[in-house]
Amino acid sequence: MPSGRSPGPTGNLLRRDACSARKASCMSVLRTPSTELAPGVGIPQTVMIRAGTDKIRAQSDRYLPTLDGWRAVAILGVMICHGCDAVFHPNGSHPNSWWHALTRNGALGVDIFFGISGFLICSRLLAEYRQNGSISLKRFYIGRLFRILPPYLTYLATLAVLAAAGLIAVSPQVWSSCLLFYRNYLPERQSGAFYTGHLWSLAVEEHFYLLWPALLVFAGLPRARRLVVVLAAMIAGWRVWEFRHQWLAHCIEGVGFFPRTDIRLDGLLWGCWMALVLDVPAWRERCARLLSPGIWLGLLASFIACVRYQPPLAMMWQSILIPLLLVGTVLHPRTLPGLGRISYSLYLWNSLFFPAMHNPQPLPLGMLQQLPWSIVLTFGCASLSYYLVERPMIRLGHTLKTRPASEWKESERARAA
């Protein structure tokens, strides 16, 4: 496993990629005319583009409020999708109304989350390589461990308390699938499935964490840029084949089609592709020129058309368009980033208080699962989870993963002694 001090063969390969990228950046400056001025100002357009793209690249290492805005949009879509039946159609009816069609598409929030995650995770791995000359899988998994597990286990512990009190029923199969992150391959008709059913997307994320960082480290940047496109295209082709022939579905009866990792992983991989594209200076500058507001609106219209009319390979086109929309937009209202920060906790807690039409009646938590208390408790529990569990554990994980290698060795020797 490569470390920050001794990159090894893979680190050397990545280091050569960085040198090539720096040379390409210098050559692009020499080749680009510096006398072309932006309209109405006395600053060279090349300088403005480079400053903007360098800002994007520098901020990718840290907090990006734009992505929090997108997270807010995504989590609101998911929550509306989960709660629309209980709020507007309490009898479980399916009227052919515009509102019902709109709320059903709230599930696209998961696709947005996947695009954000792929882009952000890959960007941070690339940033670590630029800073240290290598990518440490150990540090990556420590960071993910303290980011994901504490609020996740807090939610599962709450369900365990409710199950012990006899308020809800959760089968052993559901518990094991949640703890081992194969919830998306569990048959849907299981006791307690509703309160954990939304965790299928977290299982997809965990499978992505196991696959992509290792591929990036061991394949190297040049191969990774080609490999991510090949893998995403293969998954899109497999999805079409499997949907028509149900080859694997016959072996895992009762498992939902769309929650499966082998069906949805390309949504994260296209986000990685966008991060790899922006890591190349020449392509980063081209994206800054091409993703103008007019073109961005055209991409948004194309995305809406894919959702509305479902053309062939619609899911693949949506997965490609989402990262482009993420990068091209400037979505930073003051209220949305705060909601985006607690989006993971909202994702965990919303299904407990927003019953869907297929949830057994009467509601086991009574008025706590009815408006307005469902909204208050969802945001209240999510906020408590974020401030009391998520943030402190993220800080702890950051402290541990940034410890010098010498301290790790000393602690290991102390444990051995």
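The values are calculated or read from the model by the stated rules, or taken from the named source; none is laboratory data. Everything numeric in this text was worked out from a predicted model, so none of it was measured. Please note: Cβ atoms are built from the backbone with ideal geometry, for glycine as well, and neighbour counts cover all protein chains shown.
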- Note on the range 203-248: residues farther than 30 Å from V280 by Cα and in contact with a Cys (Cβ under 9 Å, 6 or more places away or on another chain) are A203
- Note on the structure: Within the range 225-263, restricting to residues that are among the small types (G, A, S) and outside any loop (DSSP other than H, G, I, E, B), the one that is nearest to P213 (Cα to Cα) is A232
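Identify all residues within the range 264-311 that are hydroxyl-bearing (S, T, Y) and not in a loop (DSSP other than H, G, I, E, B); write none if there are none.
Of everything in the range 264-311, those that are hydroxyl-bearing (S, T, Y) and not in a loop (DSSP other than H, G, I, E, B) turn out to be S302, Y309.
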- Task: Go through the range 185-197 residue by residue and tally those that are over 20 Å from F353 (Cβ atoms) and at pLDDT below 90.
- Result: 5
- When restricted to S201, S177, the only residue polar (S, T, N, Q) and touching a residue at least 40 places away in the same chain (Cβ under 8 Å) is S201
- Message: I'm told L336 meets every condition in (1) surrounded by fewer than 22 Cβ atoms within 10 Å (Cβ to Cβ); (2) at pLDDT 75 or above; (3) of a type in the set (A, V, I, L, M); (4) within 29 Å of P150 (Cα to Cα) except one. Can you identify the failing condition by its number?
- Response: (2)
- Query: For the range 158-184, how many residues meet the condition of being in contact with a Gly (Cβ under 9 Å, 6 or more places away or on another chain) and more than 19 Å from F354 (Cα to Cα)?
  - Reply: 5
- Query: So, in the range 230-278, of the ones that are surrounded by 18 or more Cβ atoms within 10 Å (Cβ to Cβ) and within 11 Å of Y185 (Cα to Cα), which residue ends up modelled with the lowest pLDDT?
  - Reply: P259
- Residue count, the range 234-274, condition more than 18 Å from F181 (Cα to Cα) and without any contact (Cβ under 8 Å) to a residue 24 or more places away in the chain, comes to 13
